[in-house]
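Chemist: Here it is, the structure in full.
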Number of protein chains: 2
Amino acid sequence: MENIRFGIAGCGGIAARFAKALVLSAGTELAACAARNLDRAQAFAQAHGQGKPVRAYGNYQELMEDPNVDAVYIATVHTTHAQIAKQAILVGKAVLCEKPFFTNSREAREVIALAREKSVPMMEAFWTRTLPAYRKAKEWIREGKIGDVTLIRAAFCFCNPCTEQSRSHRIWNPEVGGGAMLDIGVYPYEYVTGILEAPPEKFHYTVLPGPTGVDATVAMTLEYPGALAECLASIAGHMDTTARISGTKGYIEQSVFYGAREARLFDNQNRLLEEFQDSQEEGFVHEIAHFVDLLRSGKTESRWIPLADALDFAEKADLVLGALRG
Amino acid sequence: MENIRFGIAGCGGIAARFAKALVLSAGTELAACAARNLDRAQAFAQAHGQGKPVRAYGNYQELMEDPNVDAVYIATVHTTHAQIAKQAILVGKAVLCEKPFFTNSREAREVIALAREKSVPMMEAFWTRTLPAYRKAKEWIREGKIGDVTLIRAAFCFCNPCTEQSRSHRIWNPEVGGGAMLDIGVYPYEYVTGILEAPPEKFHYTVLPGPTGVDATVAMTLEYPGALAECLASIAGHMDTTARISGTKGYIEQSVFYGAREARLFDNQNRLLEEFQDSQEEGFVHEIAHFVDLLRSGKTESRWIPLADALDFAEKADLVLGALRG
């Protein structure tokens, strides 16, 4: 079976990580890359070509017109995702798009509708849900090992104080979709909706602006029948990144939950019952394998990362960011 | 200086722990105890007398009338706190009252007003705030060691599934003030208000009822200017009980935060800078020492546990429990 030939849109840090993961991924190859700056794309192509030629483009449309590209991985700044995804869909290229999928629900609805209309495979790069440690946690839950899920708690926070120097950093810049919600709020939120396999019945949030006006901290409470989840995202303070899923019979813990390599199952007396460890250090490999499976199966939507979930998150982001803007 | 002579109202588990802590506390003695059942009070007196006679009463009024009791420690079921506190105040006995101080804000306001009117010392038994590890955390914050506080996260949750057998348990019984908010929600809430030394500017909550109608899970978000705190309380699921206080320059962690014996100070690169360990295993000893200091100083209110804070929590509990009752 022939390789899936990837074109990467955007040549920053996350693109580099993805390119390295492609090397570890069977049945794939890096065919091309594009950046707004051709020199940057050429340097990226050289760095990640593994000795083979990788075509470099100085704009995204040329990447789309490359007949030797099967799928486009979008790794540009958030605010350009929708436009680039539409370009890809219109030429029939499969789309794997980094989080936040789109910066608002209008964009999300429009692009999802277009992908469905054109029957083009599209997936949010929500790699957490493809990780074997996450799949194992879901398997334990399905098997009833923690009883009924009652509580989930997950926080993704880091401290990047807004100083004179850091004010121009992407994360503090409202112009390029900076702030906690879009960048990292998506991780605890979609971690939870993936575990409970539904959007919350009710959604409560508190948002605290930082000095540049972006959402520095967002606390979210997701209400389900019989279960409640507490999600926290902040760029203004540290928190432990171990997520816990608690149920009537026990609980599951995952360290660094958004890129979990392990899952631990405990009973209600805090006794460790089972432990799972992923031997693959680069979690993007699982995401790529899942996306490749999707393409090879002829399906257009992942059952693990449904487009509806990305749209649901975009709707929640609208609420949170709308509240901030007044 | 003469001993402070304590009378204990209520002879259950928490009363026994307090009596044992009194033995470890200089300048105090157990003079009397009372329960609704005289046999129970007599057994308690015998068990905790340390060979000396402790008077036992079969009702609380007799305890109040004992001229050899200086202070009353109220350790009865929540719903009786207000009545017993009033009895004590009216005869001029100092009051140390277990949490929840009172089960609603009307009671809280009434009893606090009475104590102030009669100039009787009264304190909520919120021992967390008297712990040296908590005082150390506050000292580090005051010294600017974590910069400006931006985020606090604290959860007190345990799993007591509501089975046929456990439905009659106090914690699931709405008649005696069962549920998460009053029993354990007070811990993360007042931990935070003590750290930030003010009630929140805005208070957000989500409450999930359990099978008996009590509040099984309560998620609270406390909004301050520039800071946000996430508090979780549940009797329907486990969570880690390490609290974290994060700021612009670093963070503080406290394991089992509600009875913390340690505090750890980290910088923003997760480097441990300082560590504090309390050698006293029984935290109630610190609470008793603080209360005794209060009485000896002739003051009527603790600066560490102001009555206004207990009233503030009672007001929040009104909101949460009112929402549940519709």
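Chemist: With the stretch B:243-326 as the region, which strands (runs of 3 or more DSSP E) entirely inside it contain at least 2 residues that are under 27 Å from B:Ala216 (Cα atoms)?
Modeler: Because the criterion is at least 2 residues that are under 27 Å from B:Ala216 (Cα atoms), the strands (runs of 3 or more DSSP E) in the stretch B:243-326 that meet it are B:243-247, B:250-254.
Chemist: For the stretch A:1-34, how many residues meet the condition of being in contact with a Leu (Cβ under 9 Å, 6 or more places away or on another chain) and not in a helix (DSSP H, G or I)?
Modeler: 12
Chemist: Run B:Thr79 past the list (1) of a type outside the set (Lys, Arg); (2) modelled with pLDDT under 95; (3) over 16 Å from the mean Cα position of the chain (by Cα); (4) outside any loop (DSSP other than H, G, I, E, B) and report the number of the one that doesn't hold.
Modeler: Result: B:Thr79 passes all but (3).
Chemist: Would you point out the residue of the stretch B:280-314, among those that are of a type in the set (D, E, K, R) and over 16 Å from the mean Cα position of the chain (by Cα), that is surrounded by the fewest Cβ atoms within 10 Å (Cβ to Cβ)?
Modeler: Selected residue: B:Glu281.
Chemist: Hey, any hits in the stretch B:268-279 for a residue that's crowded, with 16+ Cβ neighbours inside 10 Å, among the charged types (D, E, K, R) and at the interface with chain A (Cβ under 10 Å from one of its Cβ atoms)? Give the derivation first.
Modeler: We begin by selecting, within the stretch B:268-279, every residue crowded, with 16+ Cβ neighbours inside 10 Å; these are B:268, B:276, B:278.
In the following step, the residues that additionally are among the charged types (D, E, K, R) were identified as B:278.
If we keep only those that are at the interface with chain A (Cβ under 10 Å from one of its Cβ atoms) too, we end up with none.
So far as the stretch B:268-279 goes, no, none of its residues is crowded, with 16+ Cβ neighbours inside 10 Å, among the charged types (D, E, K, R) and at the interface with chain A (Cβ under 10 Å from one of its Cβ atoms).
Chemist: OK, next. Being under 26 Å from B:Tyr187 (Cα atoms), in contact with a strand residue (DSSP E or B) (Cβ under 9 Å, 6 or more places away or on another chain) and not assigned by TED's automatic domain parsing to the domain that holds B:Tyr258 narrows it down to one of B:Ala115, B:Ala108, so name that one.
Modeler: Matching residue, one of B:Ala115, B:Ala108: B:Ala115.
Chemist: Further question on the same structure: Step by step: first the residues of the stretch A:167-191, then only those that are in contact (Cβ under 8 Å) with a residue 24 or more places away in the chain and not in a helix (DSSP H, G or I), then the one that is farthest from A:Ala260 (Cα to Cα). Which residue is that?
Modeler: A:Asn173
Chemist: Okay, moving on. Tell me, yes or no, whether the stretch A:192-203 has at least one residue that is at pLDDT 95 or above, assigned to a strand (DSSP E or B) and on the phi < 0 side of the Ramachandran plot. Give the derivation first.
Modeler: Within the stretch A:192-203, the subset at pLDDT 95 or above is A:192-203.
Imposing the further condition that a residue be assigned to a strand (DSSP E or B) reduces the set to A:202-203.
With the extra rule that they be on the phi < 0 side of the Ramachandran plot, the set shrinks to A:202-203.
Yes, some residue in the stretch A:192-203 is at pLDDT 95 or above, assigned to a strand (DSSP E or B) and on the phi < 0 side of the Ramachandran plot.
Chemist: In the stretch B:136-150, which residues are assigned to a helix (DSSP H, G or I) and of a type outside the set (A, V, I, L, M)? Break it down into steps so the answer makes sense when it comes.
Modeler: Taking the stretch B:136-150 as the starting set, the residues that turn out to be assigned to a helix (DSSP H, G or I) are B:136-142.
The answer is B:Lys136, B:Lys138, B:Glu139, B:Trp140, B:Arg142.
Chemist: Considering only the stretch B:99-135, how many residues are touching an Asp or Glu at 6+ places or on another chain (Cβ under 8 Å) and not in a helix (DSSP H, G or I)?
Modeler: Matching residues across the stretch B:99-135 total 11.
Chemist: Here is a further query. Can you tell me which residue in the stretch B:247-265 is nearest to the other protein chains (Cβ to nearest Cβ), limited to those that are of a type in the set (A, V, I, L, M) and buried (at least 20 other Cβ atoms within 10 Å of the Cβ)?
Modeler: B:Ile252
Condition check ((1) over 16 Å from the mean Cα position of the chain (by Cα); (2) touching a residue at least 40 places away in the same chain (Cβ under 8 Å)) across all residues:
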| site | (1), (2) |
| --- | --- |
| B:Leu63 | yes, yes |
| B:Cys97 | no, no |
| B:Val120 | yes, yes |
| B:Thr128 | no, yes |
| B:Ala154 | no, yes |
| B:Pro161 | yes, yes |
| B:Gln165 | yes, no |
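Chemist: Exactly one of these conditions fails for A:Gly92: (1) part of a helix (DSSP H, G or I); (2) more than 16 Å from the chain's Cα centre (by Cα); (3) not β-branched (Val, Ile, Thr). Give me its number.
Modeler: Unmet condition: (1).
Chemist: So B:Lys136 clears everything in (1) more than 9 Å from every other protein chain (Cβ to nearest Cβ); (2) crowded, with 18+ Cβ neighbours inside 10 Å; (3) of a type in the set (D, E, K, R); (4) touching a helix residue (DSSP H, G or I) at 6+ places or on another chain (Cβ under 9 Å) except one condition, right? Which one?
Modeler: That leaves (4) as the condition not met.
Chemist: Of the residues that sit in the stretch A:231-246 and are under 19 Å from the mean Cα position of the chain (by Cα) and farther than 15 Å from A:Arg129 by Cα, which one is surrounded by the fewest Cβ atoms within 10 Å (Cβ to Cβ)?
Modeler: A:Thr242
Chemist: Can you pull out the residues in the stretch B:217-246 that are under 10 Å from B:Thr150 (Cα atoms) and more than 7 Å from chain A (Cβ to nearest Cβ)?
Modeler: B:Tyr224, B:Pro225, B:Gly226, B:Ala227, B:Ala229, B:Ile245
Chemist: Also: Step by step: first the residues of the stretch A:12-61, then only those that are charged (D, E, K, R) and more than 23 Å from A:Val292 (Cβ to Cβ), then the one that is surrounded by the fewest Cβ atoms within 10 Å (Cβ to Cβ). Which residue is that?
Modeler: So, considering only residues that are charged (D, E, K, R) and more than 23 Å from A:Val292 (Cβ to Cβ), the one surrounded by the fewest Cβ atoms within 10 Å (Cβ to Cβ) is A:Asp39.
Chemist: Please count how many residues of the stretch A:164-216 are within 11 Å of another protein chain (Cβ to nearest Cβ) and touching a Cys at 6+ places or on another chain (Cβ under 7 Å).
Modeler: Of the residues in the stretch A:164-216, 2 are within 11 Å of another protein chain (Cβ to nearest Cβ) and touching a Cys at 6+ places or on another chain (Cβ under 7 Å).
The values are calculated or read from the model by the stated rules, or taken from the named source; none is laboratory data. Bear in mind that the values here come from a model prediction, so they are computed numbers and not experimental data. Ideal geometry is used to build each Cβ from the backbone, glycine not excepted, and the neighbour counts take in all protein chains shown.
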